[in-house]
Amino acid sequence: MSKNYQIKLMSAAERTGVQFVMAHLYLAAREVLTLVVHLFNAHFLSRKYRKLVELKVNFGCGPKYKSGWLNIDFYEGSDLRLDLRKNLPLPDECCSLCYSEHFFEHLSFPDDANRHLSECKRILTSGGELHIGVPNAGSAMLSYAKIHNEGRLDDAFTRYWAHPNWVNTRMEAINFLFRQNYLWFDHQHMWAYDFLSLKLMLERCGFINVKQRDFDPTLDSENRKGGLYVCATKP
């Protein structure tokens, strides 16, 4: 569904006072569409990738398409349109590198998030690496606490490029980080992470050498600087 159509739908619902019903009808319709597209891609379009080895996979790519990679998302410009809450239609140990940037926080915690990590571990070769970039919730909360303790909450607030117009204070920015609710009741951010919580998840899944790394311009998006980047290795 196009962004313009979503905005028109929201406007019509607000005028008629049926926002709650319209929002949930929209979410239900989107789930049905997601299932149909996922099944088609998983059973048919994924076949040409099933015999390849040493793949580099870019999960939740959106418009950030990586040339030479297998780009997977529900986004129309991706190589495979899949629902990444489900198992991957790829064979064991076919990948040398799994990567995602500002995708993992969109998975429900703990079930969908742990399922995705397990699937990444399954398709990675021994020694293969997993790189995850997410909003740094720990850093954001520490920054808020510091500004609060210094009595500077009333200082001028600078809106981040991704903030919608209703984000005008630091607390509204914190809420947006945890929810990213552009549309009514559709909270696209399902969980927030700091390094320790993400490290524990990865280690429980069986990854080793879990480390926080610096921004890498050869992998990461320039406008995502300041996020939390974590890498781990499959034994």
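The values are calculated or read from the model by the stated rules, or taken from the named source; none is laboratory data. Please read these numbers as outputs of a predicted model, since none were measured by experiment. Note: ideal-geometry Cβ built from the backbone for every residue, glycine included; neighbour counts use all protein chains shown. Quick note on the areas: whole protein, heavy atoms, side chains included, nothing else; ligands and nucleic acids left out. Shrake-Rupley method; radii C 1.70, N 1.55, O 1.52, S 1.80 Å.
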Only unsatisfied item for Ala156, checking (1) more than 22 Å from Phe178 (Cβ to Cβ); (2) surrounded by 10 or more Cβ atoms within 10 Å (Cβ to Cβ), is (2)
Among the residues of region 119-131, count how many are open to solvent by 60 Å² or more (accessible area, probe 1.4 Å) and among the polar types (S, T, N, Q).
-> 1
For region 56-84, how many residues are of a type outside the set (D, E, K, R), in contact with a helix residue (DSSP H, G or I) (Cβ under 7 Å, 6 or more places away or on another chain) and either outside any loop (DSSP other than H, G, I, E, B) or under 19 Å from Phe207 (Cα atoms) (or both)?
-> 2
Among the residues of region 163-173, write down those that are touching a Phe, Trp or Tyr at 6+ places or on another chain (Cβ under 6 Å) and within 12 Å of Ala140 (Cα to Cα).
-> Arg170
Please enumerate the residues belonging to region 180-232 that are small (Gly, Ala, Ser), closer than 17 Å to Asp112 by Cα and open to solvent by 30 Å² or more (accessible area, probe 1.4 Å).
-> Ser197
Listed residues Cys120, Cys98; which is hydrophobic (A, V, I, L, M, F, W, C), at pLDDT 95 or above and part of a helix (DSSP H, G or I)?
-> Cys120
Is at least one residue of region 27-47 modelled with pLDDT of 90 or more and not in a helix (DSSP H, G or I)?
-> yes
Flag for Leu196 being under 17 Å from the mean Cα position of the chain (by Cα) and of a type in the set (A, V, I, L, M, F, W, C) | no
Test result for Ile174, under 24 Å from Ser100 (Cβ atoms) and not in a strand (DSSP E or B) = yes
What about Asn87, is it in a loop (DSSP other than H, G, I, E, B), of a type outside the set (Asp, Glu), modelled with pLDDT of 95 or more and in contact with a helix residue (DSSP H, G or I) (Cβ under 9 Å, 6 or more places away or on another chain)?
-> yes
Selection from region 138-153 of residues that are open to solvent by less than 50 Å² (accessible area, probe 1.4 Å), under 30 Å from Thr218 (Cα atoms) and either in a strand (DSSP E or B) or without any contact (Cβ under 8 Å) to a residue 60 or more places away in the chain (or both) | Ala140
